[in-house]
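To start, the structure under review is shown below, and the notes come after it.
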Amino acid sequence: MSNLLIVNSSPRSNSISRKLTGQFAEDWKSLNPTGRIVERDLSDGTIPYLSEAWIEAAYTPESDRTTAQRGLLALSDMLIDEIFAADVILLGIPMHNYSVPASFKAWIDQIARAGKTFSYTNQGPKGLIPSQKKVVAVLSRGGVFAAESAQGAMDFQVSYLRQVLGLVGLTDVTFVHADRQSMGGQATQLATDKAMQQMSSVVGGFATKLVA
């Protein structure tokens with residue numbers, strides 16, 4: 001893999017999701033010394049929410065768009081280009097109120113565009129982003145939200161991410177869970193260590209495929 005896109009969405013500079021994506025980047029760079037890393041930090045507030053004017057621009061045929069409409073879509077076009085250029089997409093996503101941060105949802109709304117990243121067909125939406133791209137989603141949560149746990153039904157991160165990433169064609173998704181972050185002590189440390197080990201295994205798996 002030669003291009004890595006990192007998208008962090010935690011508003012905390014010292015968050016566990018950022019530590020994990022940072023470690024992933026270091027390991028990936030050591031295995032891909034000539035590789036390119038692009039980092040997108042959603043916590044800076046530069047990703048706007050959708051507006052009526054943006055929606056009208058997105059659904060106006062490209063040849064008919066005004067200069068103002070092209071300007072409204074310029075950031076979306078840039079974000080989409082970053083995805084198409086990436087071989088691996090690394091997402092750092094803390095759980096906020098059982099789901100994803102608002103900043104991450106704003107990013108999704110900018111990249112999920114009919115005619116650009118998915119199309120409508122008689123069989124339903126079809127993703128236009130090449131499905132061979134690898135996605136690694138680092139999910140940090142305060143409690144335990146495994147499917148078999150008591151709080152499993154309250155995990156709206158995984159189901160949402162599978163659905164919305166699949167919409168645009170990104171179906172090869174590996175989830176790394178850093179749970180128990182609000183429990184403190186040994187419970188948090190063990191969960192963090194386990195997530196770190198999984199991250200190293202994922203990066204190593206990419207390297208093995210490259211050699212093969």
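Remark: for residue pairs LYS116/LYS194; LYS19/LYS133; LYS29/LYS126, the C-alpha separation exceeds 28 Å in LYS116/LYS194; LYS29/LYS126. Checking the a/c ratio against 1.5 first, then a/b against b/c, what shape does the Cα gyration tensor give for region 47-97? Oblate is the answer for region 47-97, as a/c is 1.5 or above yet b/c matches or exceeds a/b. The Kirkwood hydrodynamic radius of the chain, based on inverse pair distances between different Cα atoms, is 18.2 Å. The gain in end-to-end length when the THR174 to SER201 segment is fully stretched comes to 8.6 nm, 0.36 nm per residue minus the alpha carbon separation.
Please label the shape of region 1-63 as rounded, prolate or oblate, based on the square roots a ≥ b ≥ c of the eigenvalues of the alpha-carbon gyration tensor (a/c under 1.5 means rounded; beyond that, a/b larger than b/c means prolate, else oblate). Oblate, because a/c is 1.5 or more while a/b does not exceed b/c. Mean sequence separation of contacting Cα pairs (under 8 Å, at least six apart), scaled by the length of the chain, corresponds to a relative contact order of 23 percent. Shape verdict for region 1-107, please, from the Cα gyration tensor: rounded (a/c under 1.5), prolate (a/b greater than b/c) or oblate. Oblate.
Taken about its Cα centre, the chain carries a charge dipole of about 320 debye when Lys and Arg each add +1 at the Cβ and Asp and Glu each add -1 at the Cβ. Taking the helices alone, the chain has a mean residue ellipticity at 222 nm of -13000 deg cm²/dmol, built from -39,500 (n - 2.57) per DSSP H run of at least 4 residues and averaged over all its residues.
All of the numbers you see were taken from the coordinates with simple rules; none came from a lab. In this text the structure is predicted, and so the values were computed from the model without any measurement. Counting neighbours? That spans all protein chains shown, and the Cβs are built from the backbone with ideal geometry, glycine included.
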